[in-house]
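A short worksheet on the structure shown next.
The values are calculated or read from the model by the stated rules, or taken from the named source; none is laboratory data. Treat the numbers as computed from the prediction; the structure is a model and nothing was measured. Because the Cβ atoms are built from the backbone with ideal geometry, glycine has one as well, and the counts that use them run over all protein chains shown. Accessible surface is based on the protein model in full, side chains and every heavy atom, while ligands, DNA and RNA are left aside. Shrake-Rupley method; radii C 1.70, N 1.55, O 1.52, S 1.80 Å.
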Amino acid sequence: MNGRSPASTGLLPIPGSPSSSWAIYSAKMQSIFHHPDMRVVVAFWFLGLINNVLYVIILSAAQDLVGTLPKGIVLLADVLPSFLVKLIAPYFIHRVPYSIRVLVFIALSASGMLLVALTPADRSVAVKLVGVVFASLSSGGGELSFLGLTHFYGTISLAGWGSGTGAAGLVGAGLYVMMTEWWRFSVRDSLLFSACLPVVMLISFFVVLPRGPLKQGNQAKSYEAVPERDEEEDREDIDEDDETAPGVASSALLAPGGSVTATAYAPHSHDHDHVTFERNIRRVKALFIPYMGPMLLVYISEYIINQGVAPTLLFPVEESPFHEFRGFYPFYSFLYQLGVFISRSSIAFLRIRHLYLPSLLQLGNLVLLTLHAMLYFLPSVYVVFLIIFWEGLLGGAVYVNCFADIMEKVPAEDREFSLGATSVSDSAGICLAGIVGIVLEPRLCAYQVAHGRDWCTRIEASHARR
């Protein structure tokens, strides 16, 4: 510990500590909104929002897309292509200019949503799933590319990206609930509206985002190496503990001052294209226990809940705030995403160092809700609402604190690879959960029917409602 106060490091003080006050919180929040690189923050916030929001809308609409079929089918179609892109694309996508990539992502996501929306209700579900696959390819490629793009804009862009992706869950699930439940739009009209959202990505990249740092970064590939004297000085500053000092990443996000856009990353003195496969395997092995393990566990647990258990968490309609049984599932999605957004936005206020604790608590949520789906012992749907919200808080907390730990503890030369490699574990967890959900949901429904609760068979997908 260096003995400095949170205020002096740029971090928000812990609530209740002697240095905490409304004035300090207010000053730090103002420093964010008046940051010289606010255009970068805004651009990456909207890029993260739009890149992920269609994924959430599709999952929220899963019940309406496949009716009584297992919702895990939609989950796999929405995640597996993205997962494969993350595994394969890093080896060649750097050869494609960012502007071309963005146009391809916009075309894929918009065409995918149009295909889902315009497919008649009496046509095969497989046609709709093709549209879901298009949107998934766009989301996976977009996440990979925009995280790489932060290399040119510094940690302030990571702050915008992280907040935007967290907001995507809340906006996507909330927007779908509002359109279908409150405004009484048809599912078709709701999805048609969603197909227009990629236009925001177009504006964010080509209009809002400053292009100077990206151009400078591309030119820097042919620059000569930084003078040896400067490299040695940098090593003396950085390598005291052979890792980034705790708090530096968060401080860079919140501390006021000059622009960090152009100086966030220095050109590497070695060529990352020639990093050996064996070295990457060693890196992954070092990442698995502290970072990939808890991420994998929490995502498996929460997505089994979301896709395999939540569709069967039903109560009599007259004892709920809904008009029909199909109203439960989208609202569960909204509460989950609300919890995710809050916890992903809490990194400046609360840090969780023991990542396995919330992961194990999430496993407990899975056991509890599965038992209720079978035994029906929770007294009210509002209790389930609280558990689903808690589920979202735990999932978002593991995600944001995992990457914050990597930013603080992994050496700079390994950090870019570590962030990307660890992000694969959430997609892997979701894919595994989708497979489990395909098997689990119909069995839970059959168990409920055998014990006198046939609500899960009375859910009607609303394709035709206008």
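Tabulated data
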read-out	value
Accessible surface, 1.4 Å probe, highest first, among residues 376, 98, 176	376, 98, 176
For residue 353, solvent-accessible area (1.4 Å; no DNA, RNA or ligand), Å²	110 Å²
Accessible surface ranking that places the most exposed of 201, 374 first, with a 1.4 angstrom probe	374, 201
Surface accessible to a 1.4 Å probe, residue 94 within the full protein complex, Å²	80 Å²
³J(HN,Hα) computed for each position of the stretch 449-454 - Karplus, 6.51 cos²θ - 1.76 cosθ + 1.60, integer Hz, glycine/proline x	4, 5, 10, x, 10, 9
Accessible surface of residue 285 - all protein chains present, 1.4 Å probe, nearest 10 Å²	150 Å²
Qualifying GluC sites (Glu not before Pro) in the stretch 280-363, DSSP loop, other Cβ atoms within 10 Å at most 15	324
Cα-projected label distance for residue 282 with residue 318, points at 7 Å along beta-carbon direction, nm	6.9 nm
Nitroxide proxy distance, nm - points 7 Å out along Cα→Cβ at residue 458 and residue 189	2.7 nm
Potential extension, residue 435-residue 451 segment - 0.36 nm per residue separation minus Cα distance	3.2 nm
In Hz, Karplus ³J(HN,Hα) per residue of the stretch 440-448 (6.51, -1.76, 1.60; θ = phi - 60°; x = Gly, Pro)	6, 4, x, 6, 5, 4, 4, 5, 5
Anisotropy class of the stretch 383-445 from Cα gyration tensor, a/c 1.5 cut	oblate
Gain on full stretching of the segment that runs from residue 178 to residue 356 - 0.36 nm per residue minus C-alpha separation	60.6 nm
Solvent exposure ordering (accessible area, 1.4 Å, most first) of 354, 451	354, 451
